[in-house]
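Quick note: the coordinates plus some simple rules give every number you see, no bench work behind them. Note that the structure is predicted; figures quoted are calculated from it, not measured. A quick note on method: Cβ atoms are made from the backbone with ideal geometry, for glycine too, and the neighbour counts reach across all protein chains shown.
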């Protein structure tokens, strides 16, 4: 665990993955963002080896988080942050939000969410494949907005 990146580095790791193979002129497609998130999700960080210490959240729906309603795909990594005694203090979430102009075909998707946790018996590749099926309509599109941020929860 000592050779794993610290939680404080997670957002920089995600940003670096999003920049792989991308010039300043190239806009990010949904497929490129998804591939970057998968690379980020495979990297392990310095977390406790407990089932809820390192989770991935895939969710989408039409929301007005940025002021006006947009179809939003939120790719999130959640880490359990513990105090010096090993007790749960809070969670740190690192988000990559992809926002799209509203369209009837996207609104018709409704909302969806799914969690995956490292250090459980789940199969990460199977989870990725299942989540990618939810992205089929969006993979070739470019989001109107992308927001990468972290927050304690």
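A few notes on this one:
- Where the alpha-carbon atoms of the chain are placed on the principal axes, they occupy 50, 33, 32 Å, in descending order.
- Taken along the Cα-to-beta-carbon direction at a fixed 7 Å, the label points for residue 81 and residue 111 span 2.5 nm.
- A simple spin-label model places pseudo-atoms 7 Å from Cα toward Cβ; at residue 13 and residue 43 they are separated by 0.6 nm.
- Förster radius 30 Å - calculated FRET efficiency between residue 6 and residue 101, Cβ distance, rounded to 0.05: 0.20
- In range of the label at residue 91: residues from the stretch 41-67 whose backbone nitrogen is under 18 Å from the point 7 Å along Cα→Cβ: 41-42, 45-61
- Residue-averaged 222 nm ellipticity for the chain, from DSSP H runs of 4+ at -39500 (n - 2.57), nearest 500: -7000 deg cm²/dmol
- In plain terms, the chain from residue 68 to residue 153 could stretch by 28.2 nm, reckoned as 0.36 nm per residue minus the Cα-Cα distance.
- The mean sequence distance of close C-alpha pairs (under 8 Å, at least 6 residues apart), as a share of the length of the stretch 7-152, puts its relative contact order at 29 percent.
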